[in-house]
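*Asks:* Below you will find the structure I want to go over with you.
The values are calculated or read from the model by the stated rules, or taken from the named source; none is laboratory data. Treat the numbers as computed from the prediction; the structure is a model and nothing was measured. Cβ placement follows ideal geometry from the backbone for every residue including glycine, while neighbour counts extend to all protein chains displayed.
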Number of protein chains: 2
Amino acid sequence: MNTALANPRAASALDARLDAWRRRVERELDLWLPPATSIPERLHAAQRYSVLGPGKRIRPALVYATAETLALPLERVDAAACAVELIHAYSLVHDDLPAMDDDDLRRGRPTCHRAFDEATAILAGDSLQVLAFKLLAGHPGAPADAARRVRLIDTLADASGTSGMAGGQALDLDAEGRTLSLVEVERIHALKTAALIRASVVMAAACAEGLEAAQSDALAEFGQVVGLAFQVQDDILDVEGDEAILGKPVGSDEARAMPTYPAVAGLEAARNRVRELHAQAGRLLSAHGWGHSALADVADWLLVRRH
Amino acid sequence: MNTALANPRAASALDARLDAWRRRVERELDLWLPPATSIPERLHAAQRYSVLGPGKRIRPALVYATAETLALPLERVDAAACAVELIHAYSLVHDDLPAMDDDDLRRGRPTCHRAFDEATAILAGDSLQVLAFKLLAGHPGAPADAARRVRLIDTLADASGTSGMAGGQALDLDAEGRTLSLVEVERIHALKTAALIRASVVMAAACAEGLEAAQSDALAEFGQVVGLAFQVQDDILDVEGDEAILGKPVGSDEARAMPTYPAVAGLEAARNRVRELHAQAGRLLSAHGWGHSALADVADWLLVRRH
């Protein structure tokens with residue numbers, strides 16, 4: 001891996017691709033989200049506010065990168081790209097609620113419950129989650145084959161429920177104020193973050209014809225590993241950001257009580273863990289001839305570059 | 001219709017059937033809800049608390065009654081019966097939240113956010129909704145045919161999202177303190193209550209082989225009409241309960257501001273509306289030879305008997 005980064009031209013080619021994927025999924029989402037002029041207007045406006053605001057569209061990028069890696073037409077994975085982004089968007093709306101993380105701002109804008117109200121934010125999250133499943137069942141960009149649609153729905157459900165994202169958020173909340181082991185921290189990350197990132201890769205792979213079981217397994221493991229590394233990297237960037245702002249090294253007792261890899265193991269160990277997982281992800285791809293692929297580039301982007 | 005009620009033996013036969021359906025869906029739900037001993041334990045416990053507590057299981061009864069009416073084996077609609085109950089259970093958990101109806105008790109027990117905490121209640125609702133879709137995708141009791149599963153998922157999504165239950169709840173919240181017209185009240189009922197009741201009938205019908213379009217349409221309309229009448233009847237029983245408790249006739253200005261049929265049109269008009277819808281439901285069934293069916297009995301139970 002790392003090829004995209006060593007070479008500035010390759011990096012800017014990736015930027016252009018990321019932009020194209022971002023525009024693509026935003027256009028699709030805009031098409032499928034009900035208009036804010038239709039009843040119930042306020043709820044539809046809250047859905048659109050939460051989904052179509054600024055976002056990196058990391059999960060759709062993984063869907064599209066998997067499709068490119070497997071030489072699949074992007075049309076065939078549009079429903080999957082929209083579905084993972086809708087689940088991500090709903091989870092942010094609910095995580096920001098006063099009873100959860102109680103955040104007033106998200107990417108510089110008022111959170112959904114601040115811009116609208118708490119009841120509307122709860123319902124917006126609820127109905128965005130439904131829309132993800134609706135798109136997989138009914139979007140013309142989902143695979144024509146119903147058995148494949150069912151598999152996508154099954155995969156997304158596993159990644160979103162108590163065995164995935166919602167379960168991870170529950171463990172994260174339970175962890176508040178407790179000192180966790182690294183194993184516990186990685187379990188939270190595996191559910192809260194990696195499950196949906198893994199699903200993004202797995203769902204795109206499920207849209208391909210004739211993939212061997214070993215290839216599917218490698219892609220699933222790649223998604224898992226990248227998802228875990230992404231969360232650790234994100235927590236590292238948070239700490240570095242705090243250090244830059246606070247002008248002091250992080251590693252205080254308060255930080256240690258947080259369920260993050262750098263807080264529990266320290267910044268250097270966290271950086272090593274990301275490098276290790278990044279290398280593992282690279283080996284999984286290389287073993288199947290995908291060492292120089294869109295998926296490898298996206299992993300580099302997520303795990304090495306600053307964003 | 002009304003045959004089950006005119007005849008006490010028929011009524012007690014229906015009671016036995018309702019009990020059997022209730023036990024059946026509760027056994028299935030118990031099987032499919034993750035055990036409270038598995039991680040995340042607290043979230044799984046909250047799911048079980050919210051689903052397996054006392055409940056009339058009206059929506060599963062409609063699923064099973066439709067199956068009996070169409071001579072379908074009940075096994076084939078178990079997934080649909082669980083799915084509609086899971087959606088109903090999640091909606092109660094979220095509707096009870098402080099930001100919504102702010103209820104401390106539900107059927108004599110503390111509401112989920114009181115028995116656990118608000119964050120857990122939000123996540124329990126979120127993950128119960130996912131489980132409904134998961135069961136339709138993966139339950140062995142769903143139709144073997146994937147195209148049919150996709151249709152069930154599509155129907156349930158439409159009934160749950162902004163075009164259904166969540167949309168109705170949003171309109172209901174918006175209506176607070178405003179005086180509504182009867183058309184507006186019925187629109188709220190159609191989305192908030194009738195959509196999921198209609199879906200219960202439609203999903204069961206979608207599990208049958210060789211149903212004609214006219215039959216499917218009649219069943220869908222039956223579900224819609226019964227759903228609407230059920231909500232009006234429920235609001236009538238509320239008013240009568242209040243009158244019994246308060247010892248004064250209801251019809252005050254406060255009541256008029258509520259988005260219910262009796263509050264807007266008065267108790268007598270509401271009773272007439274239920275009778276009218278009940279008769280319409282009966283005609284829809286009779287036209288297809290289902291005048292004396294499990295579905296007719298359940299409609300009688302919902303719209304005439306006190307519960």
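*Asks:* When only residues in the stretch A:28-60 that are charged (D, E, K, R) and either within 13 Å of chain B (Cβ to nearest Cβ) or assigned to a loop (DSSP other than H, G, I, E, B) (or both) count, which is nearest to the chain's Cα centre (by Cα)? Lay out the reasoning, then the answer.
*Replies:* To start, the set of residues in the stretch A:28-60 that are charged (D, E, K, R) comprises A:28, A:30, A:41-42, A:48, A:56-57, A:59.
Among the residues that remain, those that are also either within 13 Å of chain B (Cβ to nearest Cβ) or assigned to a loop (DSSP other than H, G, I, E, B) (or both) are: A:41-42, A:48, A:56-57.
Details: A:E41: 28, A:R42: 27, A:R48: 19, A:K56: 9, A:R57: 8 Å.
The residue in question is A:R57.
*Asks:* If you don't mind, there's one more thing I want to ask. Residue by residue through the stretch A:103-127, note down the ones that are in a loop (DSSP other than H, G, I, E, B) and modelled with pLDDT of 95 or more.
*Replies:* Result: A:D103, A:D104, A:T111, A:F116, A:D117.
Okay, residues lined up against (1) under 22 Å from the mean Cα position of the chain (by Cα); (2) facing chain A (nearest Cβ under 8 Å); (3) aliphatic (A, V, I, L, M):
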{"position": "B:P140", "(1), (2), (3)": "no, no, no"}
{"position": "B:V150", "(1), (2), (3)": "yes, yes, yes"}
{"position": "B:G161", "(1), (2), (3)": "yes, yes, no"}
{"position": "B:G164", "(1), (2), (3)": "yes, no, no"}
{"position": "B:A190", "(1), (2), (3)": "yes, no, yes"}
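*Asks:* May I pose another question? Which number in (1) of a type outside the set (A, V, I, L, M, F, W, C); (2) within 28 Å of B:R76 (Cα to Cα); (3) at pLDDT 95 or above marks the one condition that B:H189 misses?
*Replies:* Single failed check for B:H189: (2).
*Asks:* Let me ask something else about it. Return yes when A:D174 is of a type in the set (D, E), within 14 Å of another protein chain (Cβ to nearest Cβ), in a helix (DSSP H, G or I) and surrounded by fewer than 24 Cβ atoms within 10 Å (Cβ to Cβ) and no when it is not.
*Replies:* So A:D174 passes the test.
*Asks:* Of the residues B:F222, B:F133, which is touching a residue at least 60 places away in the same chain (Cβ under 8 Å), of a type in the set (F, W, Y) and buried (at least 24 other Cβ atoms within 10 Å of the Cβ)?
*Replies:* Criteria check complete, one pass: B:F222.
*Asks:* Right, next: Show the residue pairs meeting these rules: Cβ distance below 7 Å; 6+ apart or different chains; first residue within the stretch A:112-123 and within 16 Å of B:G161 (Cβ to Cβ) and among the small types (G, A, S); second residue at pLDDT 95 or above and in a helix (DSSP H, G or I).
*Replies:* Taking only residues 6 or more apart or on different chains, the pairs are A:A121/A:A46; A:A121/A:V93; A:A121/A:C112; A:A121/A:H113.
*Asks:* For B:L123, indicate whether it is facing chain A (nearest Cβ under 7 Å), buried (at least 20 other Cβ atoms within 10 Å of the Cβ) and on the phi < 0 side of the Ramachandran plot.
*Replies:* Answer is yes for this residue.
*Asks:* Here is a list of conditions, (1) within 13 Å of another protein chain (Cβ to nearest Cβ); (2) within 20 Å of the chain's Cα centre (by Cα); (3) surrounded by fewer than 20 Cβ atoms within 10 Å (Cβ to Cβ), and B:A144 meets all of them except one; can you say which number that is?
*Replies:* Every condition holds for B:A144 apart from (2).
*Asks:* Further question: Is there a residue being within 14 Å of chain B (Cβ to nearest Cβ) and not in a helix (DSSP H, G or I) anywhere in the stretch A:61-75? Walk me through how you get there before you give the answer.
*Replies:* Residues of the stretch A:61-75 within 14 Å of chain B (Cβ to nearest Cβ): none.
Scanning the stretch A:61-75 turns up no residue that is within 14 Å of chain B (Cβ to nearest Cβ) and not in a helix (DSSP H, G or I).
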